[in-house]
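Presented below is the structure to which this report refers.
Every read-out reported here was derived from the displayed coordinates using simple, explicitly stated rules and does not represent laboratory data. No experiment lies behind these values; they were computed from the predicted model shown. Glycine also receives a Cβ, built like all others from the backbone with ideal geometry; neighbour counts cover every protein chain displayed.
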Amino acid sequence: MVLVGVVVASMLSACGSGGGARTLTIQTDYASDEFAGSLWGFFPNQVAVRPGMTVRFHQTWTGEAHTVTLGTRVTELAAPFRPQLSRILSTGVVSEEPPGYQAFSDGLPLFFNEAGVNQTAAQRCVAPTVEDLPTDATACKRRKLPPFNGTEAYYSSGFIPFDGVRGNTFDLKIAEDANPGTYLYYCNLHGAPMGGEITVTKDGDVSKQAALNRQGKKEADRLAKVLLDVYRDEKAGKSKYSGNLAGSGDERSVNAFGAINEFTPRTIHAKVGEKVTWTLIGHNLSFNVPAYAPIYIVTPDGTVTFNDALRRPTGGWPGRTPPLSDRGTPPRLVSIDAGAFDGSGGSKSNGTGWTPGDKYSITFTKKGNYPYACIVHPGMIGKVVVS
Ligand SMILES: [Cu+2]
């Protein structure tokens with residue numbers, strides 16, 4: 001019986017009305033072959049579907065939290081900057097705040113608020129009217145999502161949790177009776193510039209998966225280009241930051257919607273007793289990293305929290321104090337020396353909150369290989385070889 005059910009279900013997903021696929025996949029964030037990092041976008045950002053179809057958002061896990069958030073309130077508040085938004089979505093560069101953006105931000109739940117993770121934004125939510133949206137950062141009353149029909153004031157996937165390489169998906173089911181139209185969606189952590197549009201059409205053209213994949217790759221490559229230009233300069237030693245780097249970026253990439261999370265070079269060679277210094281472009285240095293250090297934690301009742309422990313320095317290493325800048329004034333750069341390290345003493349981390357240009361030094365006192373990582377960015381790894 002179970003097997004029959006599976007076969008029927010997969011036949012249904014393979015052939016729907018008109019013979020096209022019933023599920024179309026959009027990449028959320030993007031994994032490049034060339035660098036560890038993340039791209040804050042949906043690839044591609046346009047898709048056309050029939051009522052009754054499913055848009056599957058498949059997230060590449062890069063350590064960044066994303067949501068798929070839509071509804072009439074979203075469309076309404078985005079109206080003043082919709083023309084600018086199209087340009088932003090097509091270039092992936094946000095050089096200035098579009099008109100009316102503040103009202104958009106203020107009028108919708110943001111993933112992070114002053115107290116940490118805002119449960120209204122971080123959990124699944126459907127609010128038929130604006131009045132149904134909690135204003136006290138608690139989770140929405142309705143967290144089980146019915147198919148989207150286009151009349152909801154607010155409808156959100158909430159945090160799409162890490163669920164293995166083939167997981168991390170959010171299925172947006174479009175109701176059979178959904179109103180035809182174009183629906184804007186966005187990520188409530190990264191804001192409207194990480195967004196896209198779903199066109200629900202009864203008789204117009206429906207997207208084809210192969211074309212979506214091609215277009216998605218094209219958009220991701222375009223977004224990555226500005227980041228890669230900087231990264232290549234860093235690898236060639238032509239960057240504004242010199243020496244060993246933790247992270248990537250300069251004025252050219254600061255407005256790009258993404259980040260390259262790499263140590264440059266990935267392998268550093270040092271002699272016993274040599275002091276190794278990194279320039280931190282944000283990021284973190286962690287040695288003897290625990291096997292599992294989740295960035296976000298979802299408790300059984302659905303509460304989403306940021307793993308604050310990762311922010312703090314550990315193993316007696318000095319961190320950055322104060323961690324964050326005063327509003328407006330860039331913080332003074334610091335240069336901190338962690339002293340001698342021979343690989344013992346368990347997990348060591350210098351915490352987070354570093355300002356681009358800060359320096360951090362460690363003196364290696366014993367031969368060996370010292371793998372290290374940025375504890376908040378998966379895939380950001382390096383090695384110090386001490387001989
Ligand atoms: Cu996001």
> What is the set of long-range amide H partners of residue 357 at a cut-off below 5 Å, with H atoms built 1.01 Å from backbone N?
Replying inline: 280, 281, 282
>> For residue 46, what residues show an amide H to amide H distance below 5 Å, using hydrogens built from the backbone and excluding near sequence neighbours?
In response: 197
> Any idea how far apart residue 171 and residue 312 come out in nm if each label point goes 7 Å out from Cα toward Cβ?
Replying inline: 4.1 nm
>> I need the calculated FRET efficiency for the pair residue 293 and residue 202, taking r as the beta carbon distance and R₀ as 41 Å, to the nearest 0.05.
In response: 0.30
> Put a dot 7 Å past each Cα toward the Cβ at residue 138 and residue 252; how far apart are the dots in nm?
Replying inline: 5.1 nm
> For residue 130 and residue 97, what is the calculated FRET efficiency with R₀ set at 25 Å and r taken between the beta-carbons, to the nearest 0.05?
Replying inline: 0.60
> Can you give the net charge of the other residues whose Cβ lies under 10 Å from the Cβ of residue 124, counting K and R as +1 and D and E as -1?
Replying inline: +3
> In whole Hz, what ³J(HN,Hα) sequence does the range 113-118 give by Karplus (6.51, -1.76, 1.60; θ = phi - 60°), x for Gly and Pro?
Replying inline: 10, 4, 8, x, 7, 8
> For the pair residue 34 and residue 215, what calculated FRET efficiency results from E = 1/(1 + (r/R0)^6), where r is the Cβ-Cβ distance and R0 = 25 Å, to the nearest 0.05?
Replying inline: 0.80
> Whole-Hz Karplus ³J(HN,Hα) for the range 147-160, in order, using 6.51 cos²θ - 1.76 cosθ + 1.60 and θ = phi - 60°, x for Gly and Pro?
Replying inline: x, 6, 10, x, 9, 5, 5, 8, 8, 9, 5, x, 3, 8
>> Which lysines, if any, have their Cα less than 16 Å from the Cα of residue 275, not counting same-chain residues under 8 positions apart?
In response: 359, 366, 367, 383
> Which listed residue (237, 370, 111) has the Cα farthest towards the positive end of the charge dipole for the chain, taking +1 on Lys and Arg C-beta and -1 on Asp and Glu C-beta about the Cα centre?
Replying inline: 370
> Mind checking the dipole of the chain: about its Cα centre, +1 per Lys or Arg Cβ, -1 per Asp or Glu Cβ, Debye to the nearest 20?
Replying inline: 1000 debye
>> Using only DSSP helix segments of four residues or longer, with each worth -39500 (n - 2.57), what per-residue ellipticity at 222 nm results for the chain after dividing by its residue count and rounding to 500?
In response: -5500 deg cm²/dmol
>> Show me the helices of the chain, taken as full DSSP H stretches, that run 15 Å or more along their long axis by Cα and average 0.0 or above in Kyte-Doolittle hydropathy.
In response: 2-14
> Among 377, 58, 190, 66, what is the fewest-to-most ranking by other Cβ atoms within 10 Å?
Replying inline: 58, 190, 377, 66
> Relative contact order of the range 140-195: what whole-number percent is it, with Cα pairs under 8 angstrom and at least 6 residues apart?
Replying inline: 33 percent
> Quick one: Karplus J couplings for the range 179-193, per residue in order, coefficients 6.51, -1.76, 1.60, θ = phi - 60°, nearest Hz, x for Gly and Pro?
Replying inline: 6, x, x, 10, 10, 7, 10, 7, 9, 7, 9, 8, x, 4, x
> Hey, how many Å between the Cα centroid of the range 22-86 and the Cα centroid of the range 146-177?
Replying inline: 11 Å
> With each pseudo-label sitting 7 Å past Cα toward Cβ, what's the residue 79-residue 303 distance in nm, one decimal?
Replying inline: 3.9 nm
